[in-house]
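Here's the structure, in structure tokens; my notes come after.
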Amino acid sequence: MVQINLEEVSKIKKSKSAQLMKEMRKSKDKTQQQLSVDMFQSREYISKQESGERKIPPVTTKYFIEKYNNPWLALETVDEYIGWGLTRLNGPAANNDKYFLQLIVENELQEAIEVISKIKWTDNLYTDRYVELQGIQKSAEALANVVHFSTVYLAALCDNYGINWLKVWKKHHSDLKAKGYINE
């Protein structure tokens, strides 16, 4: 007898990356069979990915990002794989036009600069006062907001203006390496 885990079923229905994959395939007028030939995967496997029965593997995500330049699939897939991450804003207060996103990024950057400027790095957090620790926590939260909203804004720029998401990140890593911030 097959046992069904209701928690897993509810997760399957909520797979944003599976939904995006299916939407992208359809927007390119491709059948699952055509996509399976392009990707060297079975049609059945493509179907299971799109339905959420199988997680979208990194090779599929990479294919879609390289072929269709869709940063949203990259973000949603990472979020689903690791359980946290940067996702498209889709709540009732979200207005995903570029002007709204730009204002949010500007506000979050300003707030983060204010909070960060008040932080005094210390070697021993256990002897510092509780108030200082609260400031450090607030700084971390402000930076998380900056990272999230900046990345969503970057994804929106790439999506709206046809900027290649992978090339932006490859150049970023190349610049970091050239400046001596990272090794190979």
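Here are a few things to note about the model shown:
- The residue of the range 78-113 that is nearest to the chain's Cα centre (by Cα), among those that are small (Gly, Ala, Ser) and surrounded by 11 or more Cβ atoms within 10 Å (Cβ to Cβ), is 85.
- Some residue of the range 123-132 being over 16 Å from the mean Cα position of the chain (by Cα), surrounded by 12 or more Cβ atoms within 10 Å (Cβ to Cβ) and at pLDDT 85 or above: no
- Enumeration of residues in the range 32-62 that are touching a residue at least 40 places away in the same chain (Cβ under 8 Å) and hydroxyl-bearing (Ser, Thr, Tyr): 61
- Whichever residue in the range 11-61 is part of a loop (DSSP other than H, G, I, E, B), within 16 Å of the chain's Cα centre (by Cα) and of a type in the set (Lys, Arg) and, among such residues, is modelled with the lowest pLDDT: 14
One line per residue, one yes/no per condition, for (1) over 19 Å from the mean Cα position of the chain (by Cα); (2) assigned to a helix (DSSP H, G or I); (3) touching a residue at least 60 places away in the same chain (Cβ under 8 Å):
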| position | (1), (2), (3) |
| --- | --- |
| 76 | no, yes, yes |
| 134 | yes, yes, no |
| 151 | no, yes, yes |
| 155 | no, yes, yes |
| 160 | no, yes, yes |
| 167 | no, yes, no |
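- Complete set of residues in the range 78-108 that are out of contact with any Gly (no Cβ under 7 Å at 6 or more places or on another chain), part of a helix (DSSP H, G or I) and without any contact (Cβ under 8 Å) to a residue 40 or more places away in the chain: 81, 82, 99, 100, 103, 106, 107
- Some residue of the range 141-159 being over 30 Å from residue 52 (Cβ atoms), out of contact with any Phe, Trp or Tyr (no Cβ under 6 Å at 6 or more places or on another chain), among the charged types (D, E, K, R) and exposed (fewer than 15 other Cβ atoms within 10 Å of the Cβ): yes
The values are calculated or read from the model by the stated rules, or taken from the named source; none is laboratory data. None of these values were measured; they are calculated from a predicted model. Using ideal geometry, Cβ is built from the backbone for each residue, glycine included, and neighbour counts are taken over all protein chains shown.
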